[in-house]
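Peer 1: Pasting in a structure now, in structure tokens, and then I'll have a few things to ask.
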Amino acid sequence: EAQVTQNPRYLITVTGKKLTVTCSQNMNHEYMSWYRQDPGLGLRQIYYSMNVEVTDKGDVPEGYKVSRKEKRNFPLILESPSPNQTSLYFCASSFSDTPAFFGQGTRLTVV
Amino acid sequence: DAKTTQPTSMDCAEGRAANLPCNHSTISGNEYVYWYRQIHSQGPQYIIHGLKNNETNEMASLIITEDRKSSTLILPHATLRDTAVYYCIVRVPNQGGKLIFGQGTELSVKP
């Protein structure tokens, strides 16, 4: 079954404790992105990757890092999380000219 | 900034057609219009997309005006399970398939 898998689905952490949210897709897609969703602000792109070892900033990259060492994986790294990074996060993947598939989301709370 | 504007909410009777409008007056010639929906806080689900011709698939129809400044998503026979937030989105080419989300329309299908 074609899918984008995010882990964990829910996470509560403390300010400053590094964390990684994983994203994996099984469709051989070149494009992968991370979005965050906040009330009143909709979904905004954090980072994207157009292929292995090719990543770039989206609209709200501050406080986040990503890597793309393999085609299927695109982890989101928060080196020093802060409360303003409390949000619902989505990973998405696609080919260049096909609709994006989204993962089921990761709800992150930073206290 | 979002490139689309949609009504905040709409109601539809079960079994009737739901017509969801969207304005995208600043869309560029190579930007596609995509429609996604989100049920509760699940990952957005792809519905349909188009460039300038009308499109139909098993879920919905998409009508795009000739000047491409607006479009309408049609769910021909709405069911209670179609209750969701519907996003009309402009897809930016080459930026990792970037989707620019607006605030969406909250569609309530009522018995």
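The values are calculated or read from the model by the stated rules, or taken from the named source; none is laboratory data. Nothing here was measured: the structure is a model prediction, and the numbers come from that model. Don't worry about glycine lacking a Cβ; one is built from the backbone with ideal geometry, like all the others, and counts go over all protein chains shown.
Peer 1: Taking region A:42-83, which residues are assigned to a loop (DSSP other than H, G, I, E, B) and either within 11 Å of chain B (Cβ to nearest Cβ) or on the phi > 0 side of the Ramachandran plot (or both)?
Peer 2: A:Glu53, A:Gly58, A:Asp59, A:Gly63, A:Arg68, A:Phe74
Peer 1: Within region B:60-111, can you find the residues that are hydroxyl-bearing (Ser, Thr, Tyr) and more than 14 Å from every other protein chain (Cβ to nearest Cβ)?
Peer 2: Across region B:60-111, the qualifying residues are B:Ser61, B:Thr65, B:Ser70, B:Ser71, B:Thr72, B:Thr79, B:Thr83, B:Ser108.
Peer 1: Looking at A:Leu11, A:Leu78, A:Leu41, A:Leu19, which one is of a type in the set (A, V, I, L, M) and modelled with pLDDT under 95?
Peer 2: From the options A:Leu11, A:Leu78, A:Leu41, A:Leu19, the qualifying one is A:Leu41.
Peer 1: Test each condition in (1) more than 14 Å from the chain's Cα centre (by Cα); (2) more than 16 Å from A:Leu19 (Cα to Cα); (3) surrounded by 20 or more Cβ atoms within 10 Å (Cβ to Cβ) for A:Ala100 and report the one that comes out false.
Peer 2: Result: A:Ala100 passes all but (1).
Peer 1: Does any residue of region A:53-62 turn out to be surrounded by 15 or more Cβ atoms within 10 Å (Cβ to Cβ) and touching a Cys at 6+ places or on another chain (Cβ under 9 Å)?
Peer 2: No.
Peer 1: Please work out if B:Ile27 is away from chain A (no Cβ under 11 Å) and either part of a strand (DSSP E or B) or surrounded by 15 or more Cβ atoms within 10 Å (Cβ to Cβ) (or both).
Peer 2: yes
Peer 1: What is the one condition in (1) at negative phi; (2) surrounded by fewer than 15 Cβ atoms within 10 Å (Cβ to Cβ) that B:Asn94 does not satisfy?
Peer 2: If we test B:Asn94 against (1) at negative phi; (2) surrounded by fewer than 15 Cβ atoms within 10 Å (Cβ to Cβ), just (1) comes out false.
Peer 1: Just a yes or no: is a residue in region A:6-29 under 20 Å from A:Phe101 (Cα atoms), among the β-branched types (Val, Ile, Thr) and surrounded by fewer than 13 Cβ atoms within 10 Å (Cβ to Cβ)?
Peer 2: Checking region A:6-29: not a single residue is under 20 Å from A:Phe101 (Cα atoms), among the β-branched types (Val, Ile, Thr) and surrounded by fewer than 13 Cβ atoms within 10 Å (Cβ to Cβ).
Peer 1: Go through (1) in a strand (DSSP E or B); (2) among the hydroxyl-bearing types (Ser, Thr, Tyr); (3) farther than 29 Å from A:Ser87 by Cβ and name the single condition B:Tyr34 misses.
Peer 2: Single failed check for B:Tyr34: (3).
Peer 1: Within the set of pairs 6+ apart or on separate chains, which have a first residue in region B:98-111 that is surrounded by fewer than 20 Cβ atoms within 10 Å (Cβ to Cβ) and at pLDDT 90 or above, a second that is in a loop (DSSP other than H, G, I, E, B) and β-branched (Val, Ile, Thr), and C-beta atoms under 8 Å apart?
Peer 2: Going by the 8 Å Cβ cut-off, the qualifying pairs are B:Glu106/B:Thr8; B:Ser108/B:Thr83.
Peer 1: May I pose another question? Checking B:Lys3 against (1) more than 11 Å from chain A (Cβ to nearest Cβ); (2) touching a His at 6+ places or on another chain (Cβ under 6 Å); (3) outside any loop (DSSP other than H, G, I, E, B), which test does it fail?
Peer 2: Unmet condition: (3).
Peer 1: Given the criteria over 19 Å from A:Leu11 (Cα atoms), modelled with pLDDT of 95 or more and either within 12 Å of the chain's Cα centre (by Cα) or not hydrophobic (A, V, I, L, M, F, W, C) (or both), does A:Ser67 qualify?
Peer 2: It is true that A:Ser67 is over 19 Å from A:Leu11 (Cα atoms), modelled with pLDDT of 95 or more and either within 12 Å of the chain's Cα centre (by Cα) or not hydrophobic (A, V, I, L, M, F, W, C) (or both).
Peer 1: Which is at pLDDT 95 or above, surrounded by 14 or more Cβ atoms within 10 Å (Cβ to Cβ) and of a type outside the set (A, V, I, L, M, F, W, C), of B:Ser61, B:Ser9?
Peer 2: One residue alone meets the criteria, B:Ser61.
Peer 1: Which one of these is away from chain B (no Cβ under 12 Å) and closer than 21 Å to B:Phe101 by Cα: A:Thr22, A:Thr86?
Peer 2: A:Thr86
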